[in-house]
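**Student:** First the structure, then my questions, so here it is.
The values are calculated or read from the model by the stated rules, or taken from the named source; none is laboratory data. Please read these numbers as outputs of a predicted model, since none were measured by experiment. Virtual Cβ from ideal backbone geometry, glycine too; neighbours counted across all protein chains shown. Ligands, DNA and RNA are stripped out before the accessible areas are found, and what is left, the full protein with its side chains, is counted by its heavy atoms. Shrake-Rupley method; radii C 1.70, N 1.55, O 1.52, S 1.80 Å.
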Amino acid sequence: SVQDKNALHLYSVNGKYLVSETLKEEVSDMCVTSEYIVMGSLQGFLSIRDLYSLSLSISPLAMRLPIHCISVTKEYSHILVGLEDGKLIIVGVGKPAEV
């Protein structure tokens, strides 16, 4: 965060700059999977971005409270979201028929 601007930068394993994306929210936690970056913000949004382009995969989901922690299950079937008030939200991943 520099001067109230947040950004996500992507570098290769060799340190070559690849891409960056300016963020509207302040990231509180993130989890990286093989293909996606799952991020939670202090403004209460859950975002899923493509790991290679940093573009949003879906519209951010509003949780209405600051997100404190995020975890993705081993099978990548669910996202576990811990909120400021102590609630645990479980978000199913995939098509509605699969969830």
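**Student:** Gaussian network model of the chain, Cα springs within a sub-10 Å range: biggest mean-square fluctuation belongs to which of 54, 46, 18?
**Tutor:** It is 18.
**Student:** Picking from 84, 75, 35, which is most flexible by a Gaussian network model of the chain using Cα springs under 10 Å?
**Tutor:** Evaluated over the chain, the most mobile residue of the options is 75.
**Student:** Considering only the other residues whose Cβ falls under 14 Å of the Cβ of residue 51, what net charge follows from Lys and Arg at +1 and Asp and Glu at -1?
**Tutor:** With Lys, Arg at +1 and Asp, Glu at -1, the neighbours total -2.
**Student:** For residue 51, what residues show an amide H to amide H distance below 5 Å, using hydrogens built from the backbone and excluding near sequence neighbours?
**Tutor:** 36, 37
**Student:** Among 57, 47, 71, whose mean-square fluctuation peaks in a Gaussian network model of the chain (Cα, cutoff 10 Å)?
**Tutor:** Looking only at 57, 47, 71, the largest GNM fluctuation is found for 57.
**Student:** Loop only per DSSP, at most 13 neighbouring Cβ atoms within 10 Å: give me the trypsin sites (Lys or Arg not before Pro) in the stretch 1-95, ordered by residue number.
**Tutor:** Answer in residue order: 16, 24, 64, 74, 87.
**Student:** Next up: Can you give me the accessible area per residue for the stretch 2-92, using a 1.4 Å probe, in Å²?
**Tutor:** I get 66 Å² per residue for this part.
**Student:** What does the extension gain come out to for residue 80 and residue 33, with contour length at 0.36 nm per residue minus their alpha carbon separation?
**Tutor:** 15.6 nm
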